[in-house]
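Visitor: I'd like to ask you about the structure that follows.
The values are calculated or read from the model by the stated rules, or taken from the named source; none is laboratory data. Since the structure is predicted, the reported quantities are computational estimates derived from the model, not experimental observations. For neighbour counting, all protein chains shown are included, and Cβ atoms are generated from backbone atoms with ideal geometry for every residue, glycine included. Calculation scope for accessible area: heavy atoms of the full protein, side chains included, ligands and nucleic acids excluded. Shrake-Rupley method; radii C 1.70, N 1.55, O 1.52, S 1.80 Å.
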Amino acid sequence: MIDLKILRDDPERVRASQRSRGEDESIVDLLLAADEARRSAESNYGALRNEQKDLGKLIGPLQGRLKKAADNERAAISAEIDTLMAGASDLADRVKAAEAQRDASDTSAQALLGRLSNLIDPAAPVGGEDDFTVLEHVLTPRDFAAEGFAVRDHVELGEILGAIDIERGAKVSGSRFYYLTGVGALLEFALINHAISLACGNGFIPMIPPALVKPAAMEGTGFLGQAAENVYRLEADDLYLVGTAEVPLAAYHSDEILDAATLPRRYVGYSPCFRREAGSHGKDTRGIFRVHWFDKVEMFSYCDPADALNEHARLLGWERQYLDSLEIPYRVIDVASGDLGASAARKFDIEAWVPSQERYREVTSTSNCTEFQARRLRVRMRDGEGVRPLATLNGTLVAITRTMVALLENHQQADGSVRVPAALQPYLGGREFLTPLT
RNA sequence: GGAGGCGUCGCCUAGUCCGGUCGAUGGCGCCCGCCUGCUAAGCGGGUUGGGGUCUCAAAAGCCCCUCGGGGGUUCAAAUCCCCCCGCCUCCGCCA
């Protein structure tokens, strides 16, 4: 959620942000009114409650005196108590009514506030999905025609290598499921270990978080708004399957106050990711590019809001370092306002070159969520100034399936074997090539 | 799944039977001041978080809420009643 002070002081800024996301800006005025109502209900309740407590302060000591009093004083004290009690019951009713009104107005203001997305960073390009800005290209895609052979896609390569079994994935679990087999399974472990060791080297604390979370964690990270249809929910237990380790890593410090001196706190989490892919029927149906489940190594950082911009650049830097080590051509894009998640103020994607599609496709993504998630999850920091929300940021180090697609296709050889980049070889027992089964 | 115990403002802790000077005790830690050549000790003070009000804004002040969470009883709830959650111990089951 955003800071209500900003909403009160500069509602136009919030409207503009909503507009640039292509989201409802009428919430702003509804929320302003709801906030006003909430505050007046709060004052009203506070005043009545104060009155009631004052009364209690008079009655209490009298009750005490009554217990100890001699018989001849009893009647007088009782009479005094009765006088005070006369309006007490009526006052209690009014307190109760004011409290109910306070709670109701608070609930409706809170509900509206929960529907507002994060404020867009003014530096982000404005527009929809296709209005991103390309920041940089790294490496040049291979010219397979010049090398004299036809490109095989990852499905074909996966089959030849005995690495990916899509047919049986579908048989057992349905479409958009797969098995990683043989070198495919080994390749996952190699990619994971390489990523974790890179992150640990950069000071991250490795984490294996729960992949099943309570509604508060899902809500707090902003995935139950527009993204809700893509989240798996376990009805019987009221739990959600996470679509990214960002969720349990963000909720890790919920309801906590962290000492500013311990920031930034950087965690790297390895978890399965589950996505319903609602509304993407017919899109990327071939292979493992778009699937309902994959494993991922995700970086997550809690930092001082003043440092968030720099931290975002650092996360992007580590993503690049990883892809550089895999020797895969890619480009970095600055994602446009209309294509950002509810929590993100700004987002950079790295898109790897996919030879079979002859285009760049998203393999990693890093978002600066500023204080948005921290407010919803009540993660705060304390420094000399006091207590206030901190900033959270996240970034993909490796999303297994998409990285595997890029790796297999970019490093394929004429005979169907795949070259293993040097950085990955130690994690594959020194193997320089993945070779066809027969 | 069954039985029992526990949950207090950073940590530990008093209070809960018998509702009102608990509107929460004491210790540790931490912060500020005094003393001291410095440090320690000692002395004095402070130390949950949130909301509201006031203000251009902030601080101070004042008010309300906050004793795991939610509801109830009552003029009044840490304290009584109900539901839920978490932790611990034992039993059962199990990877």
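Visitor: Can you pull out every residue in the range A:381-399 that is surrounded by fewer than 23 Cβ atoms within 10 Å (Cβ to Cβ) and closer than 21 Å to A:A185 by Cβ? Give the derivation first.
Guide: Applying the first criterion (surrounded by fewer than 23 Cβ atoms within 10 Å (Cβ to Cβ)) to the range A:381-399 yields A:382-389, A:399.
The one that is surrounded by fewer than 23 Cβ atoms within 10 Å (Cβ to Cβ) and closer than 21 Å to A:A185 by Cβ: A:A399.
Visitor: Of everything in the range A:298-313 that's over 14 Å from the mean Cα position of the chain (by Cα) and touching a residue at least 12 places away in the same chain (Cβ under 8 Å), which residue is nearest to A:V332 (Cα to Cα)? Explain how you work it out, then say what you get.
Guide: Our first condition is that a residue be over 14 Å from the mean Cα position of the chain (by Cα); within the range A:298-313, this holds for A:303-313.
With touching a residue at least 12 places away in the same chain (Cβ under 8 Å) added as a condition, the list becomes A:303-305, A:307-309, A:311-312.
On the way: A:C303: 24, A:D304: 25, A:P305: 24, A:D307: 22, A:A308: 19, A:L309: 17, A:E311: 17, A:H312: 13 Å.
In this case the residue turns out to be A:H312.
Visitor: Next question. I need the full set of residues from the range A:130-178 which are open to solvent by less than 40 Å² (accessible area, probe 1.4 Å) and over 24 Å from A:E351 (Cβ atoms), in order please.
Guide: If the condition is that a residue be open to solvent by less than 40 Å² (accessible area, probe 1.4 Å) and over 24 Å from A:E351 (Cβ atoms), then A:F149, A:L161, A:G162, A:D165, A:G169, A:G174 are the ones that fit.
Visitor: Still on this model: Report yes if A:L112 is within 30 Å of A:L393 (Cβ to Cβ) and in a helix (DSSP H, G or I), otherwise no.
Guide: Values: within 30 Å of A:L393 (Cβ to Cβ): yes; in a helix (DSSP H, G or I): yes.
Against the criterion (within 30 Å of A:L393 (Cβ to Cβ) and in a helix (DSSP H, G or I)), A:L112 qualifies.
Visitor: Which residues, taken from the range A:25-43, are within 16 Å of RNA strand B (Cβ to nearest atom) and more than 26 Å from the chain's Cα centre (by Cα)? Show your work before the answer.
Guide: Residues of the range A:25-43 that are within 16 Å of RNA strand B (Cβ to nearest atom), as a first pass: A:31-43.
Answer for the range A:25-43, where residues must be within 16 Å of RNA strand B (Cβ to nearest atom) and more than 26 Å from the chain's Cα centre (by Cα): A:L32, A:A33, A:A34, A:D35, A:E36, A:A37, A:R38, A:R39, A:S40, A:A41, A:E42, A:S43.
Visitor: Out of all the residues in the range A:407-438, which are assigned to a strand (DSSP E or B), within 21 Å of A:A145 (Cβ to Cβ) and open to solvent by 10 Å² or more (accessible area, probe 1.4 Å)? If you could, list the steps in order and put the result at the bottom.
Guide: Initially, the range A:407-438 is screened for residues assigned to a strand (DSSP E or B), giving A:412, A:418-419, A:433-434.
This time we only want the ones that are within 21 Å of A:A145 (Cβ to Cβ), so: A:412, A:418-419.
Listed by number, the list holds a single entry, A:R419.
Visitor: With the structure loaded, tell me whether A:R94 is at pLDDT 75 or above, of a type outside the set (G, A, S) and surrounded by 15 or more Cβ atoms within 10 Å (Cβ to Cβ) or whether it fails that test.
Guide: Working: at pLDDT 75 or above: yes; of a type outside the set (G, A, S): yes; surrounded by 15 or more Cβ atoms within 10 Å (Cβ to Cβ): yes.
So A:R94 passes the test.
Visitor: Before we move on, is A:P206 within 27 Å of A:L424 (Cα to Cα) and open to solvent by 40 Å² or more (accessible area, probe 1.4 Å)?
Guide: Values: within 27 Å of A:L424 (Cα to Cα): yes; open to solvent by 40 Å² or more (accessible area, probe 1.4 Å): yes.
In short, yes.
Visitor: With respect to the numbered conditions (1) surrounded by fewer than 20 Cβ atoms within 10 Å (Cβ to Cβ); (2) more than 13 Å from RNA strand B (Cβ to nearest atom); (3) assigned to a helix (DSSP H, G or I), which one is the sole condition not fulfilled by A:V14?
Guide: It fails just one condition, (1).
Visitor: Moving on to the next point. Is it the case, given these coordinates, that A:Y232 is surrounded by 14 or more Cβ atoms within 10 Å (Cβ to Cβ), of a type outside the set (D, E) and within 16 Å of A:P209 (Cβ to Cβ)?
Guide: Judged against the criteria, A:Y232 is not a match.
Visitor: May I ask you to list the residues in the range A:245-297 that are away from RNA strand B (no atom under 16 Å from the Cβ), without any contact (Cβ under 8 Å) to a residue 40 or more places away in the chain and outside any loop (DSSP other than H, G, I, E, B)?
Guide: A:V247
Visitor: If you don't mind, there's one more thing I want to ask. If you check A:E319, A:E277, A:E298, which single one turns out to be among the acidic types (D, E) and modelled with pLDDT under 95? Before you say what the answer is, go through the steps one by one.
Guide: Details: A:E319 fails: modelled with pLDDT under 95; A:E298 fails: modelled with pLDDT under 95.
Selected residue: A:E277, the only one of A:E319, A:E277, A:E298 that is among the acidic types (D, E) and modelled with pLDDT under 95.
Visitor: Continuing with this model, one more query. Taking the range A:27-45 as the search range and keeping residues that are open to solvent by 60 Å² or more (accessible area, probe 1.4 Å) and not aliphatic (A, V, I, L, M), which one is nearest to A:A123 (Cα to Cα)?
Guide: A:D29
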